[in-house]
Amino acid sequence: MKNMSGGGSFRPLFVLLGIVAAGVLPARTSVWKVTDGGRALYLGGTVHVLRTADFPLPREFDEAFAAAGLVCFETDIERAMSLEMQRVLAVHGMYKDGATADKVLAPGAWAAVEAWCGKNGLPAACLKPMKPWLLSFTLLAHALQKLDCAPDGVDAHFQKKARAAGKQSGMLETFGQQVEFLVRMGAGHENELILGTLEDLEKLPAMFDKIIAAWRAGDEKQLAAMLNDGLRKEHPAIHETLVVARNRAWLPVIEQWLSTPETEFVLVGAGHLCGDDGLLRALRDRGCAVEQIDAGQNGQN
């Protein structure tokens, strides 16, 4: 989740979201075919939240899905959307030692939360028991509801398709690792996290449309600029945790899948694919052929 403005806000939410919406079908899409020694897999850049009008997805995603015997995600999507995740959030995201968000955050940060809640019909008092990272996600969820977002994003959509088709699923990180990542988000930068989240939420409606064009066009440079560059320059340690370290951990798993005879379809947030720290660059540097799938080109060719 990221701010496209180039301003000084904290951007972890847009790194995670990778927002998308429908538009005019461009010449290319965010699906790449990776080959090495005759073995192949597909990489799909995803967004984890969609609006109702964003379906159907570009057909190149369905073509890659059809070609794959194994469909792979960042984590266990089913568990991440289950009641188990709600319990995890309650255990790890709520204060139990008497602390409250209005006392932990700086007065200015909490006052900004109250002001945003007042404008958006959300009782600020209900947020006080939440730790800043969960408070940040709660604000985002409330804003997304106002944008008519559907229950499923790209990842959840294909998780359901894979289950219905009887296809096996894989994951790049365990459910536990995903939870640990969320819990550590913004640690040591809590006020920055909240103030940056609020700044980004003010720009969220327009931000959808800006990211949409780049996502649907599979524009690596624009995606990198919008989803990664500002965070890397302004908050290098956070960028390392959110993007670089996870890409580094995922790369050997992707290479292992690529070494099998089976064709895989690996779906990850678009921000993880592009730019100097992205998976596409890393795979190219390792000698893999990385071919972007053109709109109208059969993804199985």
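Just so you know, in region 231-270 the residues that are closer than 26 Å to A66 by Cβ and small (G, A, S) include one that is surrounded by the fewest Cβ atoms within 10 Å (Cβ to Cβ), and it is S259. Taken as a whole, region 228-245 holds at least one residue that is under 16 Å from the mean Cα position of the chain (by Cα) and closer than 25 Å to D294 by Cα.
Residue pairs whose Cβ atoms lie under 6 Å apart, sitting 6 or more positions apart in sequence or on different chains, and linking a residue in region 258-275 that is in a strand (DSSP E or B) to a partner that is among the acidic types (D, E), are L267/D155; V268/E74. Applying the condition of being in a helix (DSSP H, G or I) and in contact with a His (Cβ under 9 Å, 6 or more places away or on another chain) to region 67-125 and asking which residue is surrounded by the most Cβ atoms within 10 Å (Cβ to Cβ) yields C117.
Residue count for region 157-201, restricted to those that are more than 19 Å from the chain's Cα centre (by Cα), part of a helix (DSSP H, G or I) and surrounded by fewer than 16 Cβ atoms within 10 Å (Cβ to Cβ): 4.
Do we find that L144 is modelled with pLDDT of 90 or more and either crowded, with 17+ Cβ neighbours inside 10 Å or not charged (D, E, K, R) (or both) in this structure? Here the answer is no, as L144 does not meet what is asked. Inside region 153-171, residues that are under 18 Å from W215 (Cα atoms) and touching a helix residue (DSSP H, G or I) at 6+ places or on another chain (Cβ under 8 Å) make up a count of 4.
Among the residues that make up region 103-118, is at least one of them at pLDDT below 95 and either on the phi > 0 side of the Ramachandran plot or not aliphatic (A, V, I, L, M) (or both)? No: zero hits.
Screening D62 against (1) surrounded by 12 or more Cβ atoms within 10 Å (Cβ to Cβ); (2) without any contact (Cβ under 8 Å) to a residue 60 or more places away in the chain; (3) closer than 23 Å to I194 by Cβ leaves a single unmet condition, (3).
The values are calculated or read from the model by the stated rules, or taken from the named source; none is laboratory data. Being a predicted model, the structure only gives us computed values, none of them experimental. So basically every Cβ, Gly included, is an ideal-geometry build from the backbone, and we count neighbours across all protein chains shown.
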